[in-house]
Amino acid sequence: MLAAIVPVISAGVPLSCQRGATVVREEVLDYGPLLDKTPIVRVLLVNDKREAQLAIHSCYQITGSLMNIIDQGQGLQRCTISVSNGGIMIGNKRYNNSELRIAGQQDGEIEVNNQRYRGEIRIVQQFHNKFSIIGEIDIEDFVSGVVGSEMPSSWEEDALCAQSVAVRTYVMYKKKRRRDEVYHLDMQELAYKGVAGETPRVNKMVQETKGVVMVYNWNIFPAYFHSTCGGHTEDVSHVFGKDSMPPLSGVVCNYCNDSKHSYWSKDIRKAEIEKKLQEANVPVSNISAVKIVNPGAGNHGSKVEITYDKGSKEMNANDFRLLVGPNYLHSTAFDSRSNGKSITFSGTGWGHAVGLCQYGAQGMAQKGFSWTAILKHYYPKIELVRVY
């Protein structure tokens, strides 16, 4: 039973055991709408750049920080955004504002760097003639764009539904944690291609699960997910050093064996590894070996040990993977051997291995498991709740 009042989304959005819950479908609890309307999420689309491309394919309005209309038009041909002498330049037109907000009359008609986005955008000046662009997007539209970018739209409906709930839960968690900050998420956290990520099938599955999130002990949590675990997902404390919790503690996965990423081998030049590490202020040279330290239940290492000419150095294994490049070093569940000027990494899985295994979700769906069963397998002891 719920505690008397337990915050789920934010301090102002409680669940109460004094309100009766009904099961709306397949073990999803409904306490009535906890939020008055669908939330808006702020996403960092462009970070601290000197230039970006903008086009608008419908009527639009530009407002300043006080929401006063300062310009409008029937459309805008592709032009360059820049900052000069304290003002924001859009093409040849200068606006003496530190921040601009652009809203299109038709949703999805604002194009930034050849990518169309729903919602509105904010152009915010930074230091040294740089700026950032933040999209303000209906969370359901954002979830559709992420799901279509993270998972093939041809996959089983229950896999797409499970992915939708995982994405929505992660986004709502970030929105809660960063509610007072300029943006909630950046483009490094989730694959997001804007309107290009959407398909009618993906949009339908997102709508099937609209407003549904996962909670543990009636608190929302970061619902991590990844491509392929390789047989066992990992504990969040092992990979990210965060406090362990049952939904992110790791489970056996016998469903991702058909993934093309189950087994892989990559030959990576030592000089390239050294360059990437040095750029991240990890001073190493003349690397002779890289090996996994402290493998977890799924054989993903929590750390790597790098042996080089001046000794050895340990660092977080997932940080190492991301620095080297996740498209080269697919996971931290690997063996390695030195081959002169390169190191051959042979491993299993793709991604950090915490939370939902996407290929595993597809495998479970193909075997007839519902999306609720998939989520409860990969995130043990969760409840599913509709919040709007």
Exercise. Give me the pairs: first residue in segment 203-226 and at positive phi, second residue buried (at least 17 other Cβ atoms within 10 Å of the Cβ) and of a type in the set (Ser, Thr, Tyr), beta-carbon distance under 7 Å, and six or more apart or on different chains, which are they?
Worked result: 211/388
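Anything in segment 357-386 that is part of a loop (DSSP other than H, G, I, E, B) and surrounded by fewer than 24 Cβ atoms within 10 Å (Cβ to Cβ)? List them, or say none.
Across segment 357-386, the qualifying residues are 367, 368, 369, 370, 380, 381, 382.
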For this session: Tell me which residues, restricted to segment 242-259, are in a loop (DSSP other than H, G, I, E, B) and among the hydrophobic types (A, V, I, L, M, F, W, C).
Result: 245, 251, 253, 256
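Criterion first (under 27 Å from residue 381 (Cα atoms), among the aromatic types (Phe, Trp, Tyr) and either at pLDDT below 95 or buried (at least 24 other Cβ atoms within 10 Å of the Cβ) (or both)) does residue 328 satisfy it?
For residue 328, the condition - under 27 Å from residue 381 (Cα atoms), among the aromatic types (Phe, Trp, Tyr) and either at pLDDT below 95 or buried (at least 24 other Cβ atoms within 10 Å of the Cβ) (or both) - is not met.
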Problem set entry | Filter result (in a strand (DSSP E or B), aliphatic (A, V, I, L, M) and open to solvent by 80 Å² or more (accessible area, probe 1.4 Å)) within segment 64-112 | 69
Problem set entry | Unique residue being in contact (Cβ under 8 Å) with a residue 40 or more places away in the chain and either surrounded by fewer than 16 Cβ atoms within 10 Å (Cβ to Cβ) or under 28 Å from residue 237 (Cα atoms) (or both) when the list is 312, 288 | 288
For this session: Determine which member of the set 146, 182, 167 is among the aliphatic types (A, V, I, L, M), out of contact with any Gly (no Cβ under 9 Å at 6 or more places or on another chain) and within 17 Å of residue 38 (Cβ to Cβ).
Result: 167
For this session: Can you work out which of the residues in segment 64-87 that are farther than 17 Å from residue 101 by Cβ and hydroxyl-bearing (Ser, Thr, Tyr) is modelled with the lowest pLDDT?
Result: 84
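The values are calculated or read from the model by the stated rules, or taken from the named source; none is laboratory data. Values in this document were obtained by computation on a predicted structure and should not be read as measured data. All Cβ positions, even for glycine, are placed from backbone atoms using ideal geometry, and neighbour counts span all protein chains on display. Remember, those area values only see protein heavy atoms, side chains included, never the ligands or the DNA or RNA. Shrake-Rupley method; radii C 1.70, N 1.55, O 1.52, S 1.80 Å.
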